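Each remark here refers to the structure printed beneath this line.
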Amino acid sequence: MGEQRTLASVVYDSKRKVTRRERFLQEMDRVIPWATLIALVAPHYVKPGRGRRPMPLETMLRIYFLQQWFNLSDPQAEDMLYNSESMRRFARVELGEDTVPDESTILRFRHLLEAHQLTAQMFDAVRDLLAARDVLVTTGTTVDATLIAAPSSTKNATKTRDPEMRQTRKGKSWYFGMKCHIGTDPQGFVHTLVTTDAAHSDIGQLPHLVHGLEDTLHGDKAYWKEADRVAYEAHGGQYLINQRGERTPARDALNRERSRIRARGEHLFHVVKVLWGFTKVRYRGLMKNTVRALAAFALANLLLARKRLVPAGT
């Protein structure tokens with residue numbers, strides 16, 4: 001953002017109320033490790049040379065994060081940069097001087113992240129940051145999964161549904177889409193993310209969600225397996241998966257007690273799906289939506305940890 005200011009920007013500075021959107025963007029701006037994330041993308045980003053001057057890398061990364069938080073398509077992201085002063089300020093774009101990235105530029109940047117799987121590296125970088133700041137702990141793991149819906153209609157150019165998505169039954173209802181499987185620490189910070197189509201069983205992904213250093217393992221009944229319990233406890237661990245079997249007052253009380261800890265693993269789902277709107281896939285194919293999921297859960301980790309990453313009053 002340059003020093004040239006528009007009249008609208010100057011007037012915006014004089015307003016008295018700080019909106020919830022502004023406060024949220026300010027908090028996220030302080031906790032995101034910009035230097036680390038930019039360094040991950042920089043080797044793959046276009047360098048200035050012949051042709052049109054590329055947009056600043058940090059600006060494009062900031063716009064990409066805005067897309068995750070406000071569930072914006074590429075055209076919507078371009079429109080919001082014209083409509084919202086708070087978003088322009090977060091993206092470091094000034095209408096009076098800077099060029100606003102168009103939807104094609106935003107699309108190409110997203111494709112760059114997908115081609116090099118850079119959001120997986122961002123996810124790892126955020127996890128390492130939380131571990132280094134003693135926010136993420138390794139004493140236990142909670143495993144869980146959530147469904148992300150996909151369009152089941154065949155009214156499209158290919159007259160087919162997404163071949164990488166599948167359907168599954170939950171209760172008496174059928175769902176078509178994908179699953180996000182996560183492993184979190186006892187506080188609810190996700191350390192592992194795996195995606196599959198919706199037909200994959202939850203328990204089948206359990207070996208991919210543990211890191212091997214935990215002493216306790218929590219999860220709902222979908223992860224219960226007697227053979228796993230025997231093996232886990234034989235190695236000195238506490239197998240605290242909710243028990244299956246006939247319901248009795250004692251078993252119900254035990255599962256309720258275990259669920260008090262297990263439920264913390266669902267806080268990230270609330271942020272990503274309810275607050276940020278990632279309830280339905282935007283793209284075809286599991287890879288593209290996995291890229292988005294990794295970015296969303298990394299940012300959700302930072303949101304939940306923001307008060308511990310930034311001292312009060314800064």
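Structure notes:
- Some residue of the range 112-123 being β-branched (Val, Ile, Thr) and modelled with pLDDT under 95: no
- Condition check for Thr184: in contact (Cβ under 8 Å) with a residue 24 or more places away in the chain and among the β-branched types (Val, Ile, Thr): yes
- Matching residues, the range 259-314, being closer than 19 Å to Asp74 by Cβ, part of a helix (DSSP H, G or I) and among the hydroxyl-bearing types (Ser, Thr, Tyr): Thr290
- In the range 132-143, the residues that are among the hydrophobic types (A, V, I, L, M, F, W, C) and assigned to a strand (DSSP E or B): Val143
- Residue in the range 43-55 that is of a type in the set (A, V, I, L, M, F, W, C), in contact (Cβ under 8 Å) with a residue 40 or more places away in the chain and surrounded by 17 or more Cβ atoms within 10 Å (Cβ to Cβ) present: yes
- Restricting attention to the range 169-183, the residues being buried (at least 19 other Cβ atoms within 10 Å of the Cβ) and either outside the structural domain of Thr195 (by TED's automatic domain parsing) or among the basic types (Lys, Arg) (or both) number 1.
- Residue satisfying condition, being over 19 Å from Leu302 (Cβ atoms) and out of contact with any strand residue (DSSP E or B) (no Cβ under 6 Å at 6 or more places or on another chain), within set Val93, Val126: Val93
- There is no residue in the range 217-236 that is of a type in the set (A, V, I, L, M, F, W, C), under 30 Å from Ala115 (Cβ atoms) and surrounded by 15 or more Cβ atoms within 10 Å (Cβ to Cβ).
- Residue in the range 159-177 that is in contact (Cβ under 8 Å) with a residue 60 or more places away in the chain, within 15 Å of Leu294 (Cα to Cα) and assigned to a strand (DSSP E or B) present: no
The values are calculated or read from the model by the stated rules, or taken from the named source; none is laboratory data. Computed from a predicted structure; not experimentally measured. With ideal geometry, Cβ positions are generated from the backbone for all residues, glycine too; neighbour counts draw on all protein chains shown.
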